[in-house]
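To start, the structure itself, in structure tokens.
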Amino acid sequence: MKKKRSSPLVSVRDIDARIDTSAAHLRSRLKHRPKIGIILGSGLGEFGDGLRASQVVPIDTVPNYPRATVEGHVGTIVAGKLSGVSLLVFQGRVHLYESGDLDSVLYPIRIAHRLGIKILLLTNAAGGLHMNFRPADLMIITDQINLTFENPIKHLRRPSRGGDLYDPEIRDIMRAVGRESNIELRQGIYCGIKGPSYETVAEVEMIRRIGGDAIGMSTVNEVSLAHALGIRLGGISCITNLATGIAADKLTHREVTEVAALVKEPLQSLLTGVVQKIGTR
Ligand code: HPA
């Protein structure tokens with residue numbers, strides 16, 4: 001007897017239908033078509049609060065939108081303008097370790113794409129692996145290593161497009177803003193793991209040896225999908241702690257959110273400067 005083969009395309013169609021409903025809801029409420037999307041990580045969610053003429057959309061009012069459960073993740077979408085550029089800011093994200101479900105993690109990316117967003121800036125909280133990094137450093141992400149053992153574009157059934165995941169021009173813009181606004185910036189490779197366990201000392205050593213400069217539990221799958229969908233990406237890690245084995249103390253989620261609060265100002269200035277520069281191009 002022939003075995004019935006389940007088709008992954010059916011579930012992709014389901015997701016498309018869910019995204020259509022969510023995006024239609026947002027489109028009907030937003031005053032402006034957003035040009036740049038911003039996804040804010042753990043404890044970094046305040047950027048959207050300062051936008052002009054902002055509209056706040058709690059995610060639990062958006063049909064089908066997955067919920068974040070982790071402390072430090074606000075769970076709001078804010079639309080507004082900064083220096084004349086219209087933005088859509090996702091305050092908080094769902095992690096793989098919360099939902100176990102890649103589609104929830106990727107939901108904001110699909111929404112942003114459906115709303116016509118062509119540029120996305122992502123921030124995250126990360127542990128520092130590079131020996132020169134210190135808590136409260138900001139790191140421009142130059143590239144990534146995906147150790148979540150997931151692949152967010154398998155439904156596309158073709159190899160992704162080549163080229164840098166993190167747009168070189170956006171990286172240049174970040175460096176320019178850093179110089180002009182006196183914000184010291186590091187740069188390096190972000191390694192994404194699934195979590196929720198923090199990595200062991202041996203894992204930290206392995207990841208350093210394969211080239212990781214910072215480690216966290218988000219971003220890598222979002223960036224892969226967004227790049228495949230033709231979105232230009234910029235990424236910033238807030239080094240909230242030194243990774244296990246490098247730091248003297250044991251790591252806690254509270255430490256991560258406390259240090260994230262310390263970088264609020266430089267991160268805000270960096271994002272503002274980047275949006276302004278992109279807006280004038
Ligand atoms: N490891 C993994 N994820 C993290 C860390 C860390 O040290 N800090 C913030 N997110």
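The values are calculated or read from the model by the stated rules, or taken from the named source; none is laboratory data. Source: prediction; values computed, not measured. Note that we place each Cβ from the backbone using ideal geometry, even for glycine, and neighbour counts take in every protein chain shown. Ligands, DNA and RNA are stripped out before the accessible areas are found, and what is left, the full protein with its side chains, is counted by its heavy atoms. Shrake-Rupley method; radii C 1.70, N 1.55, O 1.52, S 1.80 Å.
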What does the accessible area per residue of the range 164-236 come to in Å², with a 1.4 Å probe and no ligands, DNA or RNA counted? 42 Å²
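First compute the accessible area of the chain with a 1.4 Å probe, then give the percent of it belonging to carbon and sulfur atoms. Can you show the working numbers first?
On the way: 6640 of 13290 Å².
In the chain, the share of accessible area belonging to carbon and sulfur is 50 percent.
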Can you list the aspartates and glutamates whose alpha carbon is less than 16 Å from that of Lys154, not counting same-chain residues fewer than 8 positions off? Asp14, Asp16, Asp101, Asp103, Glu222
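For the range 8-279, which semi-axes, largest first and in whole Å, follow from the square roots of 5 times the eigenvalues of its Cα gyration tensor? Intermediate values should be presented prior to the final figure.
Details: eigenvalues 144, 98, 62 Å².
Output for the range 8-279: semi-axes of 27, 22, 18 Å.
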Based on a Kirkwood Rh over C-alpha pairs, give the Stokes-Einstein translational diffusion coefficient of the range 104-201 at 20 °C and viscosity 1.002 mPa s in µm²/s. 134 µm²/s
If R₀ is 30 angstrom, what is the calculated FRET efficiency for the pair Thr272 and Glu169, using the beta carbon separation as r and rounding to 0.05? 0.95
Computed over the range 108-163, protein heavy atoms only, probe 1.4 angstrom, the accessible area per residue in square angstrom equals 44 Å²
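Helix-only mean residue ellipticity at 222 nm, the chain, DSSP H runs n ≥ 4 weighted -39,500 (n - 2.57), per residue, nearest 500. What is it? Don't skip to the answer; put the middle values down first.
Details: 8 runs with 96 residues, N = 281.
Helix contribution divided over all residues of the chain: -10500 deg cm²/dmol.
Determine the equivalent ellipsoid of the range 123-175 by diagonalising the alpha-carbon gyration tensor, then write out the semi-axes as square roots of 5 times the eigenvalues, largest first, rounded to whole Å.
Working: eigenvalues 138, 55, 14 Å².
For the range 123-175, the ellipsoid semi-axes come out as 26, 17, 8 Å.
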What is the packing order of peptides 223-229, 140-146, taking the mean over residues of other C-beta atoms within 10 Å and listing the highest first? 223-229, 140-146
